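Structure first, then comments.
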Amino acid sequence: MRKAKVATTWLDGCSGCHMSLLDLDAALIPVARKIEMVYGPLVDAQEFPDDVDVAFIEGAVSTHEDVEMVNRIRQSSKVLVSLGDCAVTGNVAAMRNTVPVKKLLQTVYVDLADRGCIPGAQLPQLSPLARPVQDFVKVDISVPGCPPPSKVIGEVLEKLLEGRKPEAANKLKFG
Ligand code: SF4
């Protein structure tokens, strides 16, 4: 039987949603028999593949590079899952949205730092707003929570592997 190709991506998030995925612990073993992890921080793949069955996105969209990434993921994935409140609503990542980027960088890297300086153009430049994934591409499944409980992530993945649509968004509360 062909294994489902699964990818995960970490945009403007804290990695907590990926940690919750890993918290499946022993439950990961039967899942691992059914999937091939083809992209993400858990595997060593440099390019997002062309034919992904299920893609999980953690984090908000906060840079031009993030926008390119979510478009690339959407084009290449049958099912796109927004994983966690940052991807679903902006959440923690969007707390900066009331402060202009220039003032934000000055405060964080200079005013509050000891002889700090603002990172150069070689790093991804912040967009004016951190926004949820659904503002840019069609999202098939939203899994809220900060982070979503590992049990729920496992149930979502299990149902998707069975070809069923999970109703995670209806069962969970934000935060
Ligand atoms: Fe971290 Fe919560 Fe955002 Fe997930 S939803 S990336 S746990 S802040």
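The values are calculated or read from the model by the stated rules, or taken from the named source; none is laboratory data. It should be emphasised that the depicted structure is a prediction, and the values quoted were computed from it without experimental measurement. A quick note on method: Cβ atoms are made from the backbone with ideal geometry, for glycine too, and the neighbour counts reach across all protein chains shown. Only protein heavy atoms, including side chains, enter the accessible area calculation; ligands, DNA and RNA are left aside. Shrake-Rupley method; radii C 1.70, N 1.55, O 1.52, S 1.80 Å.
Assorted remarks:
- Residue satisfying all of: in region 59-70; out of contact with any Ser or Thr (no Cβ under 7 Å at 6 or more places or on another chain) and within 16 Å of the ligand (Cβ to nearest atom); nearest to V6 (Cα to Cα) among these: V70
- Residue within region 46-58 that is polar (S, T, N, Q), over 12 Å from the mean Cα position of the chain (by Cα) and within 22 Å of Q134 (Cβ to Cβ) present: no
- Within region 1-20, tally of residues that are open to solvent by 30 Å² or more (accessible area, probe 1.4 Å) and within 16 Å of the ligand (Cβ to nearest atom): 4
- One residue from A113, A87, A94, A130 being within 16 Å of the ligand (Cβ to nearest atom), without any contact (Cβ under 8 Å) to a residue 60 or more places away in the chain and aliphatic (A, V, I, L, M): A94
- Checking every residue in region 89-106 against the condition of being crowded, with 18+ Cβ neighbours inside 10 Å and in contact with a Phe, Trp or Tyr (Cβ under 9 Å, 6 or more places away or on another chain) gives at least one match.
- Index of the failed condition, K151 passing every other in (1) within 16 Å of the ligand (Cβ to nearest atom); (2) modelled with pLDDT of 95 or more; (3) surrounded by fewer than 20 Cβ atoms within 10 Å (Cβ to Cβ): (2)
Table: residues versus (1) within 12 Å of the ligand (Cβ to nearest atom); (2) over 20 Å from E158 (Cβ atoms); (3) surrounded by 17 or more Cβ atoms within 10 Å (Cβ to Cβ).
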position: L22; (1), (2), (3): no, no, no
position: D25; (1), (2), (3): no, no, no
position: L28; (1), (2), (3): no, no, no
position: V38; (1), (2), (3): no, no, yes
position: L42; (1), (2), (3): no, no, no
position: A45; (1), (2), (3): no, yes, no
position: F56; (1), (2), (3): yes, no, yes
position: S77; (1), (2), (3): no, no, yes
position: V81; (1), (2), (3): no, no, yes
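- Every condition in (1) open to solvent by 50 Å² or more (accessible area, probe 1.4 Å); (2) in contact (Cβ under 8 Å) with a residue 24 or more places away in the chain; (3) assigned to a loop (DSSP other than H, G, I, E, B) holds for Q122 except the one numbered (2).
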